[in-house]
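The values are calculated or read from the model by the stated rules, or taken from the named source; none is laboratory data. Given the structure is predicted, the values throughout are model-derived calculations rather than measurements. Here the Cβ is made from the backbone with ideal geometry for all residues, glycine too, and neighbour counts use every protein chain on show.
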Amino acid sequence: MLRATPRGPATRAAAPCRARLGGDAVQTGARPGTMGAMAAEEGFVHQLPDADPAETAEWLESLDAVAAHRGSNRAEFLVQNLLDRSRELGLDVPDLVRTPYLNTIPPEVERTTYWFPGDFEVERRIRALIRWNAAVMVVKANHRADGIGGHLASYASSAALYEVGFNHFFRGKDGGTPGDALYLQGHAIPGIYARAYLEGRLDEEDLDNFRREIGGGLSSYPHPRLHPDFWEYPTVSMGLGPINSLYQARFNRYLHHRRIDDTSASRVWCFVGDGETDEPETLGAIGLAGREGLDNLTWVVNCNLQRLDGPVRGNGKIIQELEATFRGAGWHVIKVIWGSGWDPLIEADTDGVLLDKMNSTVDGEFQRYAVEDGAYIREHFFGPDPRLRKMVEHLSDDELRWLPRGGHDYRKLYAAYRAATEHRGQPTVILAKTIKGWTLGSEVEARNATHQIKKMTAAQFRTLRERLHLEELVPPEALADDAEPPYVRPEPGSELHTYLLDRRRALGGSLPRRTTAVRTPLHQPADATFEEFRAGSGTKAASTTTAFTRLLRALARDEHVGRRIVPIIPDEARTFGMDSLFKEFGIYAAQGQQYEPVDHALLLSYKESIDGQLLEEGITEAGALASWTAAATSYATRGVPMVPFFIFYSMFGFQRVGDLIWSAADARARGFLLGATAGRTTLLGEGLQHQDGHSLVLASTVPTCEAYDPAFAYETAEIVRHGIDRMYGESPEDVFYYLTLYNENHPMPAMPDGSAEGIIEGLYRWAAGPKAKKGPRATVLFSGSAHGAARDAQAELAERWGVSAELWSATSYKRLREEALAVERWNRLHPGAERRSPRVTELLAGSEGPIVAVTDFMRAVPDQIARWVPAGRSWTSLGTDGFGRSDTREALRRFFEIDAAHVVVAVLAALAEAGQVEPGVVRDALAHHDVHTEAAVPWQG
Ligand SMILES: Cc1ncc(C[n+]2csc(CCOP(=O)(O)OP(=O)(O)O)c2C)c(N)n1
Ligand SMILES: [Mg+2]
């Protein structure tokens with residue numbers, strides 16, 4: 001920020017509250033009159049010795065004199081020029097984070113360097129038709145099914161932003177190339193459908209079925225899950241498109257640097273709402289793109305100054321605020337604020353009065369100007385200062401009213417996009433100022449309610465027709481009061497149609513388009529890679545986490561699949577014992593390693609390299625999940641299947657970034673999520689915020705998530721083996737896997753013969769009940785680290801209480817439930833036909849006695865199958881409902897009532913209910929194990 005120096009009386013006298021260079025008082029929150037003051041800590045230059053005080057004084061006095069006699073605007077102008085010259089000379093002067101409220105690209109550069117090469121009028125007419133059809137589609141949808149929704153105003157504000165891209169920049173996928181990635185504003189997609197209609201990709205029936213997804217109508221927003229041939233990138237949950245786009249651009253670089261795929265011809269474009277920038281996901285990770293110099297990334301922020309309820313920054317200036325934020329994060333910023341009509345006015349502004357007004361007018365006022373007439377603008381914007389008023393004397397009220405904003409000025413946008421795509425070494429953000437609802441008429445444009453308007457009257461359509469100059473194409477009778485407005489598209493062979501298609505052909509075909517054609521196939525890992533896990537660890541204790549680390553290493557070394565493995569960790573590798581992977585596989589770092597690491601002498605030192613395989617994302621689960629999504633969709637977006645493994649604290653997965661996971665599922669992600677330090681009682685010493693007993697409940701809500709809770713190394717390995725085959729094999733499916741990993745050490749048993757199928761199905765008998773001639777029998781299901789309690793209980797039941805309990809490992813309740821639901825549905829819909837039995841019922845029919853399930857997760861996890869236990873068998877679940885606490889495993893398991901004693905009691909109690917043992921036996925067991933039986937449930941509250 002440019003400040004006047006505090007030295008010298010003249011400066012103090014001349015320091016005004018408004019800085020011509022864009023530092024207007026209003027938006028910074030500083031009180032008017034304080035802008036010339038300087039915070040004490042900002043006087044850094046005074047720490048430096050002055051080699052020539054006389055010379056310094058001369059310079060400062062000159063500036064003082066200009067400020068005093070010619071005014072602050074002139075002084076600021078000179079300082080800005082000095083700064084520009086300093087940069088030309090390569091002097092290391094501090095960067096400005098904010099520039100004046102002007103377009104970044106001067107008109108002469110627009111005219112000379114970035115001259116618009118297209119047919120301006122033809123493109124305007126194409127745009128008009130798209131605008132028209134987008135509005136008709138939404139209005140018709142609501143006419144036919146009131147309340148079906150849809151948005152008019154977002155696209156209306158951004159039509160030019162998209163169209164300049166479609167006509168001149170966005171590269172398609174012809175010839176099997178991946179082309180550019182488009183993250184579009186979800187609420188603007190009526191315009192994207194309207195373009196596809198013009199191009200002949202959609203027909204009128206498609207448009208008529210907007211939002212009628214049942215039966216295949218056009219989806220409300222970009223959903224690859226629903227339109228797998230059309231949409232590639234889901235965006236509509238605010239902030240997710242932006243963060244995903246950052247990591248997509250970064251992942252393209254990763255693929256390139258690792259020489260897996262040449263991504264140099266692909267740009268990532270992300271269209272962002274200005275309101276959307278308030279989401280932490282939107283701006284929270286932009287530093288990554290700045291740091292890594294992602295010049296393959298362009299963001300366009302549609303600054304219509306409004307969000308859903310009202311102004312984004314009524315009392316400030318969102319464009320200025322964003323400029324500072326992005327510049328601070330190392331981005332190249334291009335502001336497109338004013339349309340060409342303003343150029344001559346700015347040129348005539350020798351006193352800087354217009355610029356002062358531009359700088360000091362807050363967005364709430366600009367929004368007001370968008371709804372008022374020319375007389376009001378003359379009075380209030382130009383009026384107060386006679387010099388300003390004079391400047392627009394020659395313009396009629398009507399001309400003043402229609403002085404356009406930069407985001408509706410096609411030529412200026414073209415120049416900005418060109419500059420963005422040619423800029424090297426930094427990502428670019430284009431901040432384009434627009435009017436929400438532009439062209440939709442005075443009842444819609446810039447109104448606070450505009451976002452939710454989805455209906456238009458015939459009269460409003462008649463006005464729109466005029467405004468878009470569509471008189472020739474839309475006959476007046478089509479807009480009678482009781483008629484539905486028609487869709488309109490140019491005839492094949494017409495000038496417009498030919499131009500439209502030619503432009504897309506030149507750019508590589510229509511977009512959006514999603515394909516799954518594989519460009520670089522992936523081969524399955526060798527079976528030997530999984531062999532050691534089947535053998536078990538003998539007497540050596542290990543956890544499923546350490547076993548998984550071995551597996552990950554083995555996979556990354558596998559000659560078939562190794563290079564495609566993408567380990568992703570958010571600053572927890574040491575916690576999970578995965579730091580050993582750093583040295584062997586390297587941490588991806590765009591700039592390599594420019595320092596000798598502190599642990600360089602160690603065998604397993606910290607190694608960063610440009611072709612590193614590991615993505616060590618730092619403390620950002622959201623960023624890591626976005627990386628994972630990029631890798632997990634690479635099979636489609638790039639035709640290069642990759643196998644990502646994202647390992648995180650299980651507590652900070654579904655709970656923390658659940659919406660990103662949901663959106664990855666929409667994007668048809670394939671890959672592995674690993675919830676480490678799983679369980680409410682297995683992680684020692686962390687407590688309420690860390691101990692996860694519910695990620696499996698949350699995972700159960702994601703339709704395409706295969707959620708597993710393995711107890712042993714061989715189960716983990718088998719699930720991964722199966723998952724790779726299912727997601728990347730002969731007939732790949734668009735699912736992903738969530739596996740829990742525990743950090744409790746115990747000897748890993750060998751894989752029982754014949755268990756492979758059950759591990760994947762979700763349930764198999766792990767150990768038969770101890771042989772007993774007579775005495776009651778029971779069935780105990782365990783999952784994850786609860787196997788310990790189950791096994792101890794089995795021994796105790798047999799030895800002390802004469803009960804033979806068989807043990808079953810329940811690897812996936814979610815899977816069992818989904819299968820059972822499908823069977824239940826079949827039975828419901830096929831009366832009279834032979835009844836089918838859910839797999840879980842069939843399996844448990846082969847067991848005996850009451851069923852007790854024990855888990856380190858909430859009871860809701862095993863309860864998923866409760867209603868399908870075989871008839872006549874009782875069901876008890878023991879789990880970890882409640883907040884976690886920090887203590888020893890033993891204490892916690894007793895507290896949550898999932899330890900061996902509680903399993904024993906649960907089995908005996910169920911037998912007592914069934915009349916197979918006396919209630920006194922249960923009382924004996926309670927006493928023997930010293931179980932508290934007071935009424936208050938300890939873990940509730
Ligand atoms: C996470 C999330 N919260 C809320 C919404 C609801 N919503 C949809 S659009 C919108 C306003 C968008 O404003 P802006 O980003 O400025 O986009 P514009 O339509 O103005 O271009 C809101 C709040 C959403 N889609 N996602
Ligand atoms: Mg907005």
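To keep it simple, each residue is scored yes or no on (1) away from ligand 1 (no atom under 16 Å from the Cβ); (2) buried (at least 20 other Cβ atoms within 10 Å of the Cβ); (3) under 11 Å from I243 (Cα atoms).
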{"site": "H257", "(1), (2), (3)": "yes, no, no"}
{"site": "S264", "(1), (2), (3)": "yes, no, no"}
{"site": "E279", "(1), (2), (3)": "no, no, yes"}
{"site": "T282", "(1), (2), (3)": "no, yes, yes"}
{"site": "R291", "(1), (2), (3)": "yes, no, no"}
**Report entry** Filter result for the condition that a residue is among the hydroxyl-bearing types (S, T, Y) and free of Cβ contacts under 8 Å to residues at least 60 places away in the same chain, over T701, T681, T716
**Finding:** T701
Query - Search result, residues across the stretch 281-317 that are within 11 Å of ligand 2 (Cβ to nearest atom), under 22 Å from the mean Cα position of the chain (by Cα) and of a type in the set (A, V, I, L, M, F, W, C) - result: V301, C303, L308, V312
**Report entry** Flag if F230 is closer than 15 Å to G623 by Cα and among the hydrophobic types (A, V, I, L, M, F, W, C)
**Finding:** no
**Report entry** Scan of the stretch 523-572 for residues that are under 26 Å from the mean Cα position of the chain (by Cα) and assigned to a loop (DSSP other than H, G, I, E, B), ordered by number
**Finding:** P570, D571, E572
Report task. Please go through the stretch 127-165 and pick out each residue that is hydrophobic (A, V, I, L, M, F, W, C), in a loop (DSSP other than H, G, I, E, B) and either in contact with a helix residue (DSSP H, G or I) (Cβ under 6 Å, 6 or more places away or on another chain) or buried (at least 24 other Cβ atoms within 10 Å of the Cβ) (or both). Result -> I148, L152
Query raised in the report: R873 versus (1) over 24 Å from D753 (Cα atoms); (2) surrounded by 15 or more Cβ atoms within 10 Å (Cβ to Cβ); (3) within 37 Å of the chain's Cα centre (by Cα): which is the lone unmet condition?
Result: (3)
Query raised in the report: Just a yes or no: is a residue in the stretch 132-147 of a type in the set (A, V, I, L, M, F, W, C) and within 16 Å of ligand 2 (Cβ to nearest atom)?
Result: no
Report summary line: Residue hits (the stretch 511-522; out of contact with any strand residue (DSSP E or B) (no Cβ under 7 Å at 6 or more places or on another chain) and surrounded by 12 or more Cβ atoms within 10 Å (Cβ to Cβ)) are R513, R514, T515, T516, V518, R519, T520, L522
Report task. Please determine, by comparing only the residues of the stretch 249-273 that are part of a strand (DSSP E or B) and over 15 Å from A420 (Cα atoms), which one is farthest from ligand 2 (Cβ to nearest atom). Result -> V272
Query - Members of the stretch 479-500 found to be crowded, with 16+ Cβ neighbours inside 10 Å and either part of a helix (DSSP H, G or I) or of a type in the set (S, T, N, Q) (or both), listed by number - result: L479, L496, H497, Y499, L500
Report task. Find all pairs meeting these conditions: Cβ atoms under 8 angstrom apart; at least six residues apart or on different chains; first residue within the stretch 279-293 and among the hydroxyl-bearing types (S, T, Y); second residue buried (at least 18 other Cβ atoms within 10 Å of the Cβ) and at pLDDT 95 or above. Result -> T282/M238; T282/G239; T282/P242; T282/I243; T282/V272; T282/E276
**Report entry** Qualifying residue in the stretch 297-319 (condition: within 16 Å of ligand 1 (Cβ to nearest atom) and in a helix (DSSP H, G or I))
**Finding:** yes
Report task. Could you check H690 against (1) buried (at least 19 other Cβ atoms within 10 Å of the Cβ); (2) assigned to a loop (DSSP other than H, G, I, E, B); (3) under 40 Å from the mean Cα position of the chain (by Cα) and say which number it fails? Result -> (1)
Report task. Could you list all residues from the stretch 46-71 that are surrounded by 10 or more Cβ atoms within 10 Å (Cβ to Cβ) and assigned to a loop (DSSP other than H, G, I, E, B)? Result -> D50, G71
Query raised in the report: Considering the stretch 219-236 alone, what residues qualify as being under 9 Å from the mean Cα position of the chain (by Cα) and within 16 Å of ligand 2 (Cβ to nearest atom)?
Result: T235
Report task. Sort out which residues of the stretch 839-872 are within 23 Å of T682 (Cβ to Cβ), of a type outside the set (A, V, I, L, M, F, W, C) and part of a helix (DSSP H, G or I), and write them in order of number. Result -> P862, D863, Q864
Query raised in the report: Restricting attention to the stretch 188-197, does a residue exist that is within 16 Å of ligand 2 (Cβ to nearest atom), closer than 28 Å to Q306 by Cα and hydroxyl-bearing (S, T, Y)?
Result: no
Query raised in the report: Which residue out of F461, F530 is touching an Asp or Glu at 6+ places or on another chain (Cβ under 9 Å) and surrounded by 14 or more Cβ atoms within 10 Å (Cβ to Cβ)?
Result: F530
**Report entry** So D278, is it within 11 Å of ligand 2 (Cβ to nearest atom), of a type in the set (D, E, K, R) and at pLDDT 95 or above
**Finding:** yes
Query - Out of A630, A626, sole residue that is within 16 Å of ligand 1 (Cβ to nearest atom), closer than 16 Å to V268 by Cβ, touching a residue at least 60 places away in the same chain (Cβ under 8 Å) and part of a helix (DSSP H, G or I) - result: A626
Report summary line: Scanning the stretch 110-163 for residues that are under 19 Å from H497 (Cβ atoms) and β-branched (V, I, T), the one farthest from ligand 1 (Cβ to nearest atom) turns out to be V122
Report task. Return the only residue of V272, V336, V312 being among the aliphatic types (A, V, I, L, M) and within 21 Å of P106 (Cβ to Cβ). Result -> V336
Query raised in the report: Among (1) in contact with a strand residue (DSSP E or B) (Cβ under 8 Å, 6 or more places away or on another chain); (2) over 23 Å from G538 (Cα atoms); (3) charged (D, E, K, R); (4) buried (at least 17 other Cβ atoms within 10 Å of the Cβ), which single condition is E757 missing?
Result: (4)
Query raised in the report: What number goes with the only condition from (1) of a type outside the set (D, E); (2) over 18 Å from A665 (Cα atoms); (3) surrounded by fewer than 24 Cβ atoms within 10 Å (Cβ to Cβ) that A622 does not pass?
Result: (2)
